[in-house]
Amino acid sequence: MAEAVLIDLFGLKLNCQKNCHQTLLKTLNAIQYHHAAKAKFLCIMCCSSISCERDSEHDKCELETSNGLSALLGEFEIVSNLSMAASLYTIKQKIDEKNLSSIKVIVPRHRKSLLKAFIDQLFTDVYNFEFEDLQVTLRGHLLKQSAETNVITAQELEEIQNEIEIYLRSLPALKGELTIITSPSIPDIFIHGFTTRAGGISYIPTLSSFNLFSSSKRRDPKAVVQENLRRLANAAGFNVKKFYRIKTDHANDVWIMGRKEPESYDGITTNQRGVTIAALGADCIPIIFADPVKKACGVAHSGWKGTLLGVAMATVNAMIAEYGCSLENIIAVLGPSVGPCCFTLPKESASAFYNLHPACVRLFDSPNPCVDIRRATRILLERGGILPLNIQDQNQDLNLCTSCHPDKFFSHVRDGLNFGTQIGFISIRE
């Protein structure tokens with residue numbers, strides 16, 4: 001049984017004949033009867049006040065005044081907006097407030113493909129949609145007899161995406177102004193930084209507000225993440241069309257940009273100007289690397305598994321092999337991550353960190369010792385030949401624990417599966 005029911009009357013204008021009103025009344029009555037008991041949200045979507053057409057093209061009468069319809073409409077929440085994107089996004093917010101995921105959409109057949117295209121852009125696989133034909137009279141013909149357009153053209157899809165983009169751009173930033181943490185160690189020939197959770201449009205509590213990653217398991221669609229990214233690009237000064245994220249596998253593979261892209265990797269290196277590369281982080285460490293001599297850079301995503309597998313030095317070694325970088329010239333900056341105050345591992349896994357250096361583990365004799373992945377990463381970088389003074393992990397809020405600071409950072413440890421993501425990014429100025 002659907003948890004939410006959405007009736008699409010968007011832009012629907014009906015004959016002001018008595019049978020038209022009766023048909024709509026009967027339809028809404030049936031929907032209310034079948035779904036009101038179990039559905040937690042009943043909604044009608046329309047583009048303005050629900051209205052019907054008289055003989056004159058511009059003369060309208062409102063259906064709310066018809067027999068019995070006014071009282072019935074009170075059983076539904078009505079979302080009215082001139083924009084489909086705005087209406088659906090408003091409905092999505094209401095669905096998310098109630099933490100619902102099973103949605104029945106009752107829609108005229110001729111609009112089904114269009115509505116599906118909007119839903120594909122604004123929702124993720126977290127939601128389960130079921131579609132049902134809306135049966136109501138329009139100009140003497142049943143809408144259910146209208147032919148459904150099965151294919152959305154490329155032009156129509158582009159128009160839908162443009163409408164959504166324009167609407168999302170109009171939304172105000174949440175949780176304060178966009179904030180970028182930078183390091184004084186990185187010279188100005190690079191654009192770089194680490195994001196916080198402020199200044200974006202993501203509204204779901206654990207994703208609010210500057211979430212920069214979308215997946216099928218989260219409620220933030222790609223369109224929202226892309227708008228957050230667009231705002232970051234404008235603030236930082238990089239080209240959003242030349243932006244590449246790590247495809248995380250919690251391992252140590254590195255993509256050397258210009259070569260064939262692997263299916264997954266936890267490091268990227270490049271010497272191409274104007275290309276921005278980014279490492280994800282929500283407790284795991286986003287690391288950025290810069291060589292101002294060879295004008296090359298890299299990023300790495302270092303969780304506890306990647307740390308032990310040596311992803312940081314794997315990225316450094318790729319820069320050395322591909323661009324002729326020297327260890328003494330490479331600068332490494334560790335972004336915000338979970339601290340040993342909040343991160344524990346089973347003793348068997350923690351033992352590997354203890355063997356690396358006892359200082360990487362606290363309460364080693366407990367069943368779940370506390371592990372310091374930042375200290376372990378620094379130790380591995382120093383052992384690999386990176387100069388200690390070229391490793392920055394303390395200043396500019398870089399050493400703050402992501403789990404301990406919900407006002408500043410997202411955290412998987414703290415927020416669970418539907419967690420938001422910040423990034424570390426770097427590019428070589430054009």
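The values are calculated or read from the model by the stated rules, or taken from the named source; none is laboratory data. Keep in mind that this is a model prediction, so the values were computed, not measured. Neighbour counts are summed over all protein chains in view; Cβ atoms, including those assigned to glycine, are modelled from backbone coordinates with ideal geometry. Only protein heavy atoms, including side chains, enter the accessible area calculation; ligands, DNA and RNA are left aside. Shrake-Rupley method; radii C 1.70, N 1.55, O 1.52, S 1.80 Å.
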* Sorted by accessible area (1.4 Å probe), largest first, how do Thr182, Thr23, Thr377 line up? -> Thr182, Thr23, Thr377
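Using 0.36 nm times the number of residues separating Ser215 and Gln22, minus their current alpha carbon distance, what extension gain do you get?
Numbers: separation 193, 0.36 × 193 = 69.48 nm, distance 4.41 nm.
Gain in length upon complete extension: 65.1 nm.
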* Based on the Kirkwood radius over alpha-carbon pairs, what value in µm²/s does the Stokes-Einstein equation return for the translational diffusion coefficient of the range 281-430 at 10 °C and 1.306 mPa s? -> 101
* Selected from Val225, Tyr203, Ser326, residue furthest toward positive end of dipole (the chain; charges at beta carbon) -> Ser326
* Structure fact -> Residue by residue through the range 276-291, the couplings from Karplus 6.51 cos²θ - 1.76 cosθ + 1.60 with θ = phi - 60°, in Hz, x for Gly and Pro, are 9, 10, 9, 10, 7, x, 8, 3, 5, 8, x, 10, 10, 10, 9, 10
* Under a straight-distance cross-link criterion of Cα-Cα below 15 Å, which aspartates and glutamates are reachable from Lys408, leaving out those fewer than 8 residues away in the same chain? -> Glu177, Asp283, Asp397
* Structure fact -> The aspartates and glutamates whose Cα lies under 16 Å from the Cα of Lys116, excluding any fewer than 8 residues away in the same chain, are Asp8, Asp125, Glu130, Glu132, Asp133, Glu148, Glu156, Glu158, Glu159, Glu163
* Residues whose placed amide H lies under 5 Å from that of Glu77, excluding near-sequence neighbours -> Leu42, Cys43, Ile44
* Structure fact -> Amide H neighbours of Thr179 at under 5 Å, excluding residues fewer than 5 places away on the same chain, with H built from the backbone geometry, are Thr196, Ala198
* Asked: Under a straight-distance cross-link criterion of Cα-Cα below 14 Å, which aspartates and glutamates are reachable from Lys347, leaving out those fewer than 8 residues away in the same chain?
  -> Asp365, Asp372
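Between Phe364 and Lys260, 0.36 nm times their residue separation minus their Cα-Cα distance comes to what?
Numbers: separation 104, 0.36 × 104 = 37.44 nm, distance 4.25 nm.
Between Phe364 and Lys260, full extension yields an extra 33.2 nm.
Can you tell me the convex hull volume per residue for the chain, based on C-alpha atoms, in Å³ to the nearest whole number?
On the way: hull volume 69.7 nm³, N = 430.
Normalising the Cα hull of the chain by residue number yields 162 Å³.
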* Percentage relative contact order, the range 214-281, counting C-alpha pairs under 8 Å, at least six apart -> 29
